[in-house]
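These notes concern the structure reproduced below.
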Amino acid sequence: MTKTVIRSPEPDAIREAASILRRGGLVGMPTETVYGLAGDATNPRAVAGIFAAKERPAFNPLIIHVGSLAVARTIALFEADALRLAATFWPGPLTLVLNRLDQAPIADLAMAGLSSIAIRIPAHPVAQALLGAFGGPLAAPSANPSGRISATEASHVARGLTGKVDIILDAGPSALGLESTIIGFTGGPARLLRQGAIPEEAIQSVIGPLAPPEPGKTEAPGMLLRHYAPLRPLRLNARDVAPDEALLAFGPIPLSGPLSGAVQMLNLSARGDLSEAAANLFSFLHRLDQAPIRKIAVMPIPETGLGCAINDRLRRAAVG
Ligand code: TXA
Ligand code: MG
């Protein structure tokens, strides 16, 4: 067991986190999407520590976080459309899966045996400061036990990983609340490997239509698992609420009728705003998971823009 400390991200806490990373330790790192569990991507022991802390299956590769495009280009091969996306969305909630360069100094375990590598430049100032202070690439999956709800607050990281992470930098709630969008460029057309904080239409406006997932290889390996699972069963597209259910609402709720009178209700966005709903999604699921209720009824979310990624996460959360 490691002693876990939670610190506000002042310069001395960031320096301490960087020295923990240099020793092969793990840091709860705030990003604009969700909190990451960061370790030195070049250190096999640190990378193994990430898999162990999350109890993550070894076939599920990690995202490598870097501070600049120049560093990213020493790790992977960027074709023209990948460069266009990087220029448009980095730093930000975009992950590119690219062919890895042979000389890339990344621990093999991070790629889980694949010849491709997932890379992202996070926009969060604390993530950038930590990358700067550490001075190398950081492997960072979402900071939750494998298969559970992603962490959008330092307290979520602590709840799932206390004793397994050395320091958590508490920068408050993640602004976006949904993981990065993952686009694959590993030969053939660009593919959408995971819906996320950048809607598909925004990607298409830069590089044109995306190809459907490759048959058989469908998406990111991590997306094949039961995922984002709350402890309570979820019922999607609910148009009413039962006495033993909490309501995860979206949009205005009539004062009377089948959706009123829930024992507990959290509204992702009373004004029907999808960005607000995305930012609230995981934190509300964490809260409902601790409430004295048996089930969670979820109102329909429109399948447009960020709603696609929100519905993707809800569908996975409802499995199992
Ligand atoms: O927003 C995010 O992306 C957050 C923050 C912390 O940056 N990170 C994150 O990491 O969501 P994680 O490990 O929870 O999800 C990474 C996803 C997994 O589904 C994994 O299978 C996929 O990326 N992935 C990683 N390397 C890949 C590769 N070479 N090919 C295809 N998918 C890959
Ligand atoms: Mg994850």
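The values are calculated or read from the model by the stated rules, or taken from the named source; none is laboratory data. Bear in mind the structure is a predicted one, so any value in this text is a computation, not a measurement. In this analysis, Cβ positions are derived from the backbone assuming ideal geometry, glycine residues included, and neighbour counts consider all displayed protein chains. Note: accessible area is taken over every heavy atom of the protein model, side chains too, but ligands, DNA and RNA are not part of it. Shrake-Rupley method; radii C 1.70, N 1.55, O 1.52, S 1.80 Å.
Tell me which of these residue 192 doesn't satisfy, since it passes every other one: (1) hydrophobic (A, V, I, L, M, F, W, C); (2) touching a helix residue (DSSP H, G or I) at 6+ places or on another chain (Cβ under 7 Å); (3) under 21 Å from residue 276 (Cα atoms). For residue 192, the exception is condition (3). Scanning region 151-168 for residues being outside any helix (DSSP H, G or I) and either more than 23 Å from residue 285 (Cα to Cα) or more than 11 Å from ligand 1 (Cβ to nearest atom) (or both) gives a total of 8.
If you go through region 277-313 and pick out every residue that is assigned to a strand (DSSP E or B) and open to solvent by 20 Å² or more (accessible area, probe 1.4 Å), you end up with 1.
Kindly evaluate residue 222 against the criterion of being under 21 Å from residue 97 (Cα atoms) and either more than 16 Å from ligand 2 (Cβ to nearest atom) or at pLDDT below 95 (or both). Yes; evaluated as a whole, the condition is true for this residue. Would you confirm whether any residue within region 59-69 is part of a loop (DSSP other than H, G, I, E, B), modelled with pLDDT under 95, in contact with a helix residue (DSSP H, G or I) (Cβ under 7 Å, 6 or more places away or on another chain) and open to solvent by 40 Å² or more (accessible area, probe 1.4 Å)? Looking for residues that are part of a loop (DSSP other than H, G, I, E, B), modelled with pLDDT under 95, in contact with a helix residue (DSSP H, G or I) (Cβ under 7 Å, 6 or more places away or on another chain) and open to solvent by 40 Å² or more (accessible area, probe 1.4 Å), one finds at least one in region 59-69, hence yes. The number of residues in region 92-109 being part of a loop (DSSP other than H, G, I, E, B), among the hydrophobic types (A, V, I, L, M, F, W, C) and over 15 Å from residue 140 (Cβ atoms) comes to 2.
For the criterion of being at pLDDT 95 or above, open to solvent by less than 30 Å² (accessible area, probe 1.4 Å) and among the β-branched types (Val, Ile, Thr), residue 149 fails.
If you check 123, 133, 171 for being of a type outside the set (Asp, Glu) and buried (at least 19 other Cβ atoms within 10 Å of the Cβ), only one passes: 171.
Sub-6 Å Cβ pairs linking a first residue in region 132-150 that is within 10 Å of ligand 1 (Cβ to nearest atom) to a second residue that is basic (Lys, Arg) and open to solvent by less than 10 Å² (accessible area, probe 1.4 Å), at least 6 apart or interchain, are 146/54, ordered by first then second residue. Within region 23-50, residues that are under 12 Å from residue 130 (Cα atoms) and away from ligand 2 (no atom under 16 Å from the Cβ) reach partners that are open to solvent by less than 10 Å² (accessible area, probe 1.4 Å) and assigned to a strand (DSSP E or B) with beta carbons closer than 6 Å, at six or more positions or on different chains, in the pairs 27/38; 27/167. Among residues of region 151-176 that are under 21 Å from residue 52 (Cα atoms), those with a beta-carbon under 7 Å from a residue that is part of a helix (DSSP H, G or I) and open to solvent by 60 Å² or more (accessible area, probe 1.4 Å) at least six positions away or on a different chain give the pairs 167/16.
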